[in-house]
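J.: Structure incoming, see below.
The values are calculated or read from the model by the stated rules, or taken from the named source; none is laboratory data. Keep in mind the model is a prediction, meaning the values are calculated, not measured. Cβ placement follows ideal geometry from the backbone for every residue including glycine, while neighbour counts extend to all protein chains displayed. Calculation scope for accessible area: heavy atoms of the full protein, side chains included, ligands and nucleic acids excluded. Shrake-Rupley method; radii C 1.70, N 1.55, O 1.52, S 1.80 Å.
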Amino acid sequence: MEHRYDHVTIEQKWQARWAADRTFRVLNPGDDGFDPSKPKQYILDMFPYPSGEGLHVGHPIGYIGSDIFSRYMRMKGANVLHPMGFDSFGLPAEQYAVETGVHPRVTTEQNIANYVRQLKSIGLSYDWDRELATTDPGYYRWTQWIFIQLFESWFDPALGKARPISELIAALEAGETDAAGVPWSDLDGEAQRSFISGMRLAYLDDVMVNWCPALGTVLANEEVTREGKSDRGDHPVYRRPLRQWMLRITAYADRLIADLDLVDWPEPVKAMQRNWIGRSHGASIGFPIDDSDHRIEVFTTRPDTIFGATYMVLAPEHSLVESLVVPDWPDGTKEVWTGGAAAPSEAVADYRNRASRKSERERQTEGKDKTGVFTGSFCVNPASGERIPIFIADYVLMGYGTGAIMAVPGQDERDWEFAEQFELPIVRTVQPADGFDGDAYLGDGPAINSGFLDGLGVDDAKTRIIEWLEAEEYGAATISYKLRDWLFSRQRYWGEPIPILHGPDGEMRAVPDEDLPLLLPEVEDYRPASADQEDAVPVPSLGKAPDDWRFVKIEGVVWERELNTMPQWAGSCWYYLRFIDPGNSDRLVAEEAERYWMGDSGVDLYIGGVEHAVLHLLYARFWHKVLYDLGEVSTGEPFGRLFNQGLIMAHAYRDERGVYVPADEVEERDGGFWFDGQSVEQSYGRMGKSKKNGVNPDEFFVDHGVDTLRLYEMFMGPLSEAKPWTTRDVVGVERFLQRFWRNFVDPDTGDLLISDTPADEELRGLLHRTTKSVTDDMAELRFNTSVARFFELNNALVGLDSIPLEVADVFVRLMAPIAPHVAEELWERMGGDGSVCFADWPAYDESLAAEESVTMVVQVGGKIRDRIEVPVGISSDEAQQVALASDKVAGHLDGEPTRVIVRPPNLVNIVP
RNA sequence: GCCGGGGUGGCGGAAUGGCAGACGCGACGGACUCAAAAUCCGUUGGGCGCAAGCCCGUGUGGGUUCGAAUCCCACUCCCGGCACCA
């Protein structure tokens with residue numbers, strides 16, 4: 001009784017020891033005691049937003065995975081950087097402040113303290129000396145500094161990289177280059193400023209924003225769901241034109257795609273990023289406007305179909321629309337083109353008005369029902385020479401390509417639908433395949449009705465028409481992207497202030513370095529200046545800051561501070577760099593430390609959820625590339641290897657009213673589920689407080705133990721897969737740990753049951769096989785099968801009077817990464833040297849790992865007919881003889897075999 | 001619609017061209033116990049058979065191969081992402 005496995009005492013003892021000894025502190029190059037001969041491993045978790053709810057058992061599965069890998073790498077002799085911090089700017093703390101008046105800083109600090117406590121209680125081997133939070137002024141000072149670098153840089157297309165804007169200005173002033181064709185000296189001060197502003201990587205622009213009145217802020221495209229709701233809170237979002245800060249991520253589109261080939265990431269994440277960037281090859285073509293010198297530029301991926309362009313469509317917001325509207329409907333105008341209006345101006349105004357009120361969602365759900373009106377103007381198809389009508393329609397999006405299309409109904413489904421509805425001509429320019437009976441034909445085939453293209457396949461026709469367009473100066477080959485510049489302003493309080501000053505004449509300057517960090521001002525009222533109607537106008541919360549913050553006098557002139565704050569993604573764009581050197585007040589990261597820890601390919605292992613595939617991971621890559629171009633970091637990519645852990649799912653139960661009931665009190669019987677005497681319905685999804693199916697880790701640790709949680713979560717299945725939490729199954733690993741302990745420790749005396757008698761051959765073979773198997777699993781993060789191997793080895797020890805020392809020593813070390821507390825305790829009792837965390841990872845002997853004899857399978861015609869024990873080293877001839885001598889084989893074989901396949905020592909297949 | 005991932009016992013899963021179902025849960029039988037819990041031992045894919053043994057079996061259909069859960073083709077269902085992107 002006295003000496004049973006007491007997980008609570010053991011786990012608390014070792015967590016206290018690790019904290020007191022700073023066991024997991026890791027040194028930087030240059031620090032006293034740093035060992036440069038060791039290889040480095042930078043193993044990183046996606047840091048959390050510290051929510052008020054704290055962690056449930058589903059959250060840390062990725063942290064446990066990275067912790068095991070970190071502990072394994074330490075034992076392999078690496079310097080391991082394994083830090084943790086908090087992404088602590090964000091809406092929940094601010095919303096709480098709105099409701100209660102409690103400063104977000106206070107809430108954030110409390111939540112972080114709770115997270116740290118919970119994370120420590122999981123036994124995660126972080127170097128807590130490097131803890132950081134994005135809300136620390138010492139941290140966001142550098143977030144602001146990076147923003148200023150973006151503001152002070154431009155993307156030089158000739159070099160394909162960012163450069164200081166001062167170099168552009170110098171070149172312009174020296175006359176080495178000009179401003180988009182205009183000599184620099186011909187521009188006045190205002191025009192010069194405007195040109196420079198248009199070149200910066202961080203710039204102000206009038207853009208269509210996603211305005212969310214309920215949140216009181218605008219949102220990035222990435223933060224709006226396909227239903228046209230806010231990603232956070234699910235509030236309605238409206239389109240508004242507004243002057244906002246933008247980051248020129250589009251300049252990096254090609255590099256962001258190309259460099260995906262350099263990183264070891266899950267293919268789905270790479271695919272999502274490629275898809276999000278959406279690079280497509282095509283041509284831009286200018287269609288001359290009838291009776292005008294102007295042209296309408298379109299982008300198309302199918303220039304080969306130009307002879308079939310029978311009309312043209314502009315997005316309703318297109319800037320040329322006004323100039324295209326004619327006073328009266330021209331001859332040939334069909335009734336359906338007019339939208340019932342008496343004149344084009346009325347029809348267009350009306351249509352634009354309605355389109356601007358539609359949400360993204362409404363535009364999308366219209367699907368096949370196309371809407372639009374005729375502008376009254378025509379342009380000329382440069383290939384066919386036909387005069388074709390110009391429409392506006394909201395199925396053409398302003399944000400992609402040029403906001404205008406040549407409509408080719410014969411080869412485009414959307415154009416087909418529009419043409420049918422608006423009674424426009426349809427001309428096929430690709431001969432459909434035999435048997436095709438659909439509408440628009442998207443496949444390959446010879447060109448028809450296409451003049452000099454006739455007979456060419458799609459690819460050849462594309463090449464030919466682009467040559468012609470370039471020769472005739474109607475257009476050129478182009479590449480278009482779905483990716484748009486990153487909208488970087490938010491009107492909320494709890495974010496990094498954008499460190500920019502606005503002068504009286506509209507000029508801008510960065511806050512000087514010595515004034516950083518630009519601290520968030522104190523305000524009395526955290527409420528965003530929002531209203532519940534969509535008509536409200538976005539107003540930054542920092543407008544409520546005191547005047548001595550808002551206005552700055554420089555050399556007698558009053559400058560006004562930028563009032564927008566940065567989005568939550570800002571802080572997480574570079575935190576992995578700060579972990580390397582979190583206390584540095586001179587640089588965002590010291591050069592030598594950065595070079596050491598980022599090595600050739602950046603972070604060695606980055607574990608986190610797949611939900612960040614296009615947001616955080618794309619933004620961070622973008623910032624990293626800018627910093628790389630500016631010489632601040634030494635690698636082209638931040639995260640060399642990425643791993644997505646799967647969610648822990650759980651069953652939830654609802655009663656007849658649809659109200660969730662506590663999942664841990666539901667009983668299963670008679671083929672149904674019951675709570676408090678009534679039948680409840682089972683569903684399956686993410687764990688969460690609202691579904692009453694979360695499992696609280698604090699309670700779990702008391703009842704079952706931390707090592708049990710770690711073993712269970714790793715044993716559930718592959719780390720990358722979503723898996724259901726089943727409390728019932730926990731007992732398996734719990735039993736294992738108790739049996740493991742009993743194998744080592746006499747329950748009556750507390751004596752170690754270890755002797756130095758050697759292991760017998762069978763046990764020694766199993767030990768080496770286990771070591772080999774677990775070692776192989778570690779590199780691939782296949783911890784589920786490692787745990788299974790532990791069970792097997794453990795079962796082989798049951799019933800022995802004592803464990804051979806060679807087995808005990810290796811077993812404890814193998815267990816140390818996954819179940820570190822019990823491993824430390826046994827290691828100490830066994831008289832191990834120092835912490836087991838730095839013991840050598842066990843080696844194995846390949847020849848001992850091989851089994852002495854194996855079961856050879858004998859097949860006849862591919863069906864198993866016999867199993868024979870044979871020595872491992874059996875020769876092909878011997879194996880064949882043994883197999884053919886089998887009685888069981890003889891019964892299934894009449895006559896001589898036609899062929900015998902021999903794969904010693906595993907298999908002989910006799911083909912009759 | 002497009003892109004990506006997946007379908008294996010009652011359940012979680014193992015096996016990536018060579019013994020399908022490792023390991024665990026559950027279930028069943030047994031030991032210990034006055035009894036229960038805990039613990040320990042055994043059985044456990046389905047079917048036929050007293051047994052030896054035989055047949056079937058990895059979503060469906062086909063193919064490659066001496067041999068396929070694994071590779072190829074077609075289909076189907078489930079999950080994730082994107083979606084009027086010209």
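J.: Output the number of the condition that A:Asp87 fails; it satisfies all remaining conditions of (1) touching a helix residue (DSSP H, G or I) at 6+ places or on another chain (Cβ under 8 Å); (2) surrounded by fewer than 23 Cβ atoms within 10 Å (Cβ to Cβ); (3) more than 25 Å from A:Asp581 (Cβ to Cβ).
T.: For A:Asp87, the exception is condition (3).
J.: Could you tell me whether region A:594-607 includes any residue that is surrounded by fewer than 20 Cβ atoms within 10 Å (Cβ to Cβ) and of a type in the set (Gly, Ala, Ser)?
T.: yes
J.: Further question: Restricting attention to region A:301-338, which residues are within 16 Å of RNA strand B (Cβ to nearest atom) and assigned to a loop (DSSP other than H, G, I, E, B)?
T.: A:Thr301, A:Arg302, A:Ala309, A:Thr310, A:Ala315, A:Pro316, A:Glu317, A:His318, A:Ser319, A:Leu320
J.: I'm trying to understand the selection: among the residues of region A:162-177, which are within 23 Å of A:Thr250 (Cβ to Cβ) and either at pLDDT below 95 or open to solvent by less than 70 Å² (accessible area, probe 1.4 Å) (or both)?
T.: Within region A:162-177, A:Ala162, A:Arg163, A:Pro164, A:Ile165, A:Leu168, A:Ile169, A:Ala171, A:Leu172, A:Thr177 meet the criteria.
J.: Given the condition part of a helix (DSSP H, G or I) and among the hydrophobic types (A, V, I, L, M, F, W, C), answer yes or no: does some residue in region A:239-248 qualify?
T.: no
J.: Okay, next question. In region A:767-781, which residue that is within 34 Å of the chain's Cα centre (by Cα), surrounded by 18 or more Cβ atoms within 10 Å (Cβ to Cβ) and charged (D, E, K, R) is farthest from RNA strand B (Cβ to nearest atom)?
T.: A:Lys772
J.: Considering region A:871-901 alone, what residues qualify as being open to solvent by less than 50 Å² (accessible area, probe 1.4 Å), in contact with an Asp or Glu (Cβ under 8 Å, 6 or more places away or on another chain) and hydrophobic (A, V, I, L, M, F, W, C)?
T.: Within region A:871-901, A:Ala883, A:Val889 meet the criteria.
J.: Every residue in region A:441-487 that is more than 16 Å from RNA strand B (Cβ to nearest atom), assigned to a loop (DSSP other than H, G, I, E, B) and of a type in the set (A, V, I, L, M), please.
T.: A:Ile448, A:Leu456
Per-residue answers, yes or no, for (1) over 20 Å from A:Ala850 (Cβ atoms); (2) of a type in the set (A, V, I, L, M); (3) in contact with a strand residue (DSSP E or B) (Cβ under 9 Å, 6 or more places away or on another chain):
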site: A:Val774; (1), (2), (3): no, yes, no
site: A:Met778; (1), (2), (3): yes, yes, no
site: A:Thr785; (1), (2), (3): no, no, no
site: A:Asn794; (1), (2), (3): yes, no, no
site: A:Val807; (1), (2), (3): no, yes, yes
site: A:Val812; (1), (2), (3): yes, yes, no
site: A:Met815; (1), (2), (3): yes, yes, no
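J.: Could I ask something else about it? Please state which of the following conditions A:Asn275 fails to meet, knowing it meets all the rest: (1) part of a loop (DSSP other than H, G, I, E, B); (2) within 14 Å of RNA strand B (Cβ to nearest atom).
T.: Condition not satisfied by A:Asn275: (1).
J.: A further question on this structure: Mind listing whichever residues of region A:199-237 are within 16 Å of RNA strand B (Cβ to nearest atom), modelled with pLDDT under 80 and part of a strand (DSSP E or B)?
T.: The answer is A:Met208, A:Leu219, A:Val224, A:Lys229, A:Ser230.
J.: Taking the criterion of being outside any helix (DSSP H, G or I) and either of a type in the set (Lys, Arg) or more than 29 Å from A:Tyr628 (Cα to Cα) (or both), would at least one residue in region A:564-585 satisfy it?
T.: Checking region A:564-585: not a single residue is outside any helix (DSSP H, G or I) and either of a type in the set (Lys, Arg) or more than 29 Å from A:Tyr628 (Cα to Cα) (or both).
J.: Are any residues in region A:131-143 surrounded by fewer than 20 Cβ atoms within 10 Å (Cβ to Cβ) and in contact with a helix residue (DSSP H, G or I) (Cβ under 9 Å, 6 or more places away or on another chain), and if so, which ones?
T.: Across region A:131-143, the qualifying residue is only A:Glu131.
J.: If you go through region A:267-284 one residue at a time, do you hit one that is out of contact with any helix residue (DSSP H, G or I) (no Cβ under 6 Å at 6 or more places or on another chain) and more than 30 Å from A:Leu617 (Cβ to Cβ)?
T.: yes
Yes/no matrix, rows are residues, columns are (1) among the small types (Gly, Ala, Ser); (2) within 15 Å of A:Val80 (Cβ to Cβ); (3) in a loop (DSSP other than H, G, I, E, B); (4) open to solvent by 50 Å² or more (accessible area, probe 1.4 Å):
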{"residue": "A:Ile10", "(1), (2), (3), (4)": "no, no, no, no"}
{"residue": "A:Trp18", "(1), (2), (3), (4)": "no, yes, no, no"}
{"residue": "A:Val26", "(1), (2), (3), (4)": "no, yes, yes, no"}
{"residue": "A:Asp32", "(1), (2), (3), (4)": "no, no, yes, yes"}
{"residue": "A:Asp35", "(1), (2), (3), (4)": "no, yes, yes, yes"}
{"residue": "A:Lys38", "(1), (2), (3), (4)": "no, yes, yes, yes"}
{"residue": "A:Pro48", "(1), (2), (3), (4)": "no, no, yes, no"}
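J.: Let me ask something else. With the condition kept exactly as written, say whether any residue in region A:395-404 is more than 30 Å from A:Met199 (Cα to Cα), out of contact with any Cys (no Cβ under 8 Å at 6 or more places or on another chain), modelled with pLDDT of 90 or more and surrounded by 20 or more Cβ atoms within 10 Å (Cβ to Cβ).
T.: Yes, the conditions are met somewhere in region A:395-404.
J.: Among the candidates A:Asp291, A:Asp261, single out the residue that is loosely packed, with under 15 Cβ neighbours inside 10 Å, more than 8 Å from RNA strand B (Cβ to nearest atom) and within 21 Å of A:Arg387 (Cα to Cα).
T.: A:Asp291
J.: Let me ask you something else. Condition check: more than 16 Å from RNA strand B (Cβ to nearest atom), part of a loop (DSSP other than H, G, I, E, B) and either under 27 Å from the mean Cα position of the chain (by Cα) or modelled with pLDDT under 80 (or both). Does A:Ala251 satisfy that?
T.: no
J.: Out of all the residues in region A:784-805, which are open to solvent by 10 Å² or more (accessible area, probe 1.4 Å), in a helix (DSSP H, G or I), over 14 Å from A:Leu826 (Cα atoms) and more than 7 Å from RNA strand B (Cβ to nearest atom)?
T.: Selection gives A:Arg789, A:Ala796.
J.: Quick one: count up the residues across region A:503-526 that are touching a residue at least 12 places away in the same chain (Cβ under 8 Å), open to solvent by less than 50 Å² (accessible area, probe 1.4 Å) and closer than 13 Å to A:Arg561 by Cα.
T.: Number satisfying all stated conditions: 8.
J.: Continuing with the same structure: Which pairs turn up if I take residues in region A:241-258 that are without any contact (Cβ under 8 Å) to a residue 24 or more places away in the chain and look for partners that are of a type in the set (A, V, I, L, M) with beta carbon separation below 7 Å, at least 6 apart in sequence or on another chain?
T.: A:Ile257/A:Ile277
J.: A follow-up question, please. Which of the residues belonging to region A:547-593 are touching a strand residue (DSSP E or B) at 6+ places or on another chain (Cβ under 9 Å), open to solvent by less than 30 Å² (accessible area, probe 1.4 Å) and over 28 Å from A:Val523 (Cβ atoms)?
T.: Of everything in region A:547-593, those that are touching a strand residue (DSSP E or B) at 6+ places or on another chain (Cβ under 9 Å), open to solvent by less than 30 Å² (accessible area, probe 1.4 Å) and over 28 Å from A:Val523 (Cβ atoms) turn out to be A:Tyr576, A:Phe579, A:Ile580.
J.: Which residue pairs have Cβ atoms closer than 6 Å, lie 6 or more positions apart in sequence or on different chains, and pair a first residue in region A:368-390 that is over 12 Å from A:Thr310 (Cβ atoms) with a second residue that is assigned to a loop (DSSP other than H, G, I, E, B) and within 16 Å of RNA strand B (Cβ to nearest atom)?
T.: Correct list of pairs: A:Lys370/A:Tyr395; A:Gly372/A:Ala393; A:Val373/A:Gly339; A:Pro382/A:Tyr474.
J.: Among the numbered criteria (1) among the small types (Gly, Ala, Ser); (2) in contact with an Asp or Glu (Cβ under 9 Å, 6 or more places away or on another chain); (3) touching a residue at least 12 places away in the same chain (Cβ under 8 Å), which single criterion is violated by A:Ala663?
T.: Exception for A:Ala663: condition (2).
J.: Please verify whether A:Glu94 is in a loop (DSSP other than H, G, I, E, B), of a type in the set (Asp, Glu) and touching a residue at least 40 places away in the same chain (Cβ under 8 Å), treating the condition exactly as stated.
T.: No.
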